[in-house]
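Worksheet: the structure to be examined is printed underneath.
The values are calculated or read from the model by the stated rules, or taken from the named source; none is laboratory data. Here the structure is a predicted model, which is why all the values come from computation and not from measurement. Neighbour counts run over all protein chains shown; Cβ positions are idealised from the backbone, glycine included.
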Amino acid sequence: MTVTSNSGLLWELTKRDFVQRYKGSAFGLGWSLFTPLLMLAIYTFVFSVAFKARWGTGDEGKIGFAIVLFSGLIVHGLFAECLTRAPSLITSNPNYVKKVVFPLEILPLMTMGSALGNFVVSLGILVAFCALSGTPLHSSGLLLPILLLPLLLTVLGLSWLLASLGVYLRDFAQLIGMVTTIALFLSPIFYPITALPPAFQSLLVLNPITLPIIMLRSALLWGAPINWLAWTASLVVGAAIFYLGFAWFQKTRRGFADVL
């Protein structure tokens with residue numbers, strides 16, 4: 001992979017991609033702050049006020065529920081943004097395929113970099129909200145880059161796979177939106193995984209965002225011990241998906257120009 005040799009190009013593409021989505025709007029980059037705050041307020045009202053949902057961590061207030069909820073939503077946001085954009089990465093950039101000698105494999109890295117920018121902004125909002133509300137955070141939260149590594153590898157592998165499949169099967173662009181919505185509700189974002197029977201808990205663990213959500217909360221919010229055995233298993237799976245997704249992309253890219 002030529003990521004190292006194209007690091008400058010990748011940085012410029014990522015920066016442009018992150019800024020481009022807000023270009024021309026009156027609020028500009030402020031939308032990256034306003035959007036997660038608005039969704040936090042809406043979800044908190046619906047689930048903690050209308051449905052009277054509670055997490056069961058000892059803090060039954062709306063603020064405690066909002067913090068736990070938002071911490072899960074930002075992980076899903078990272079996952080969903082990368083995957084929903086992946087099927088159209090090649091088809092929306094035909095000039096990169098036909099007219100320019102361009103390292104197409106860095107396009108999923110570009111979208112991940114942009115999504116990570118939004119994730120960092122949302123994480124900053126979470127930390128600020130905790131500070132303002134007097135909710136303690138734990139130093140083990142500094143392990144987040146390590147804890148999220150299996151998810152990043154998985155997302156990159158799936159992005160390469162979907163970017164390739166999106167060239168040959170355009171229906172994937174429509175299908176993946178449903179998949180990310182299913183992943184939203186079949187993960188411990190709105191409810192603790194312990195609220196489900198053991199058989200369903202095992203199924204939820206197959207969702208690639210389940211363990212990252214649990215580990216983020218354990219490290220940052222609750223200071224609970226990290227299940228390093230589960231992390232290691234997810235790292236192995238993530239590395240396998242990363243390798244297979246990249247290998248598939250490189251094998252099928254020869255036909256992109258013919259299809260486009």
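Residue check: is S133 polar (S, T, N, Q), modelled with pLDDT under 95 and either in contact with a His (Cβ under 9 Å, 6 or more places away or on another chain) or more than 22 Å from F246 (Cα to Cα) (or both)? Answer is yes for this residue.
Do we find a residue being outside any helix (DSSP H, G or I), buried (at least 17 other Cβ atoms within 10 Å of the Cβ) and not acidic (D, E) anywhere in region 176-187? Quick ask: steps written out before the conclusion?
Step one: of region 176-187, the residues outside any helix (DSSP H, G or I) are 186-187.
Add one more test, that the residue is buried (at least 17 other Cβ atoms within 10 Å of the Cβ), and what stays is 187.
Okay, now just the ones that are also not acidic (D, E), so 187.
Yes, region 176-187 contains a residue that is outside any helix (DSSP H, G or I), buried (at least 17 other Cβ atoms within 10 Å of the Cβ) and not acidic (D, E).
Cβ-Cβ distances below 8 Å connect the following pairs, each with a first residue in region 129-144 that is within 12 Å of R217 (Cβ to Cβ), a second residue that is crowded, with 16+ Cβ neighbours inside 10 Å and polar (S, T, N, Q), and a separation of six or more residues or different chains: S140/S218.
Does S133 satisfy being surrounded by 17 or more Cβ atoms within 10 Å (Cβ to Cβ), closer than 30 Å to G30 by Cα and of a type outside the set (D, E)?
Working: surrounded by 17 or more Cβ atoms within 10 Å (Cβ to Cβ): no; closer than 30 Å to G30 by Cα: yes; of a type outside the set (D, E): yes.
Taking the combined requirement at face value, the residue does not satisfy it.
Helices (runs of 4 or more DSSP H) fully within region 1-99 that include at least 2 residues being among the polar types (S, T, N, Q) and modelled with pLDDT under 80: 31-44.
Each row is one residue, and each column tells you yes or no for (1) in contact with a Ser or Thr (Cβ under 9 Å, 6 or more places away or on another chain); (2) surrounded by fewer than 20 Cβ atoms within 10 Å (Cβ to Cβ); (3) β-branched (V, I, T).
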{"position": "S71", "(1), (2), (3)": "no, yes, no"}
{"position": "V75", "(1), (2), (3)": "yes, no, yes"}
{"position": "F79", "(1), (2), (3)": "yes, no, no"}
{"position": "A86", "(1), (2), (3)": "yes, no, no"}
{"position": "E105", "(1), (2), (3)": "yes, yes, no"}
{"position": "A115", "(1), (2), (3)": "no, no, no"}
{"position": "G157", "(1), (2), (3)": "no, no, no"}
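Checking each residue in region 197-249 for being outside any helix (DSSP H, G or I) and in contact with a helix residue (DSSP H, G or I) (Cβ under 7 Å, 6 or more places away or on another chain) picks out N207, P208, I209, G223, A224, I226.
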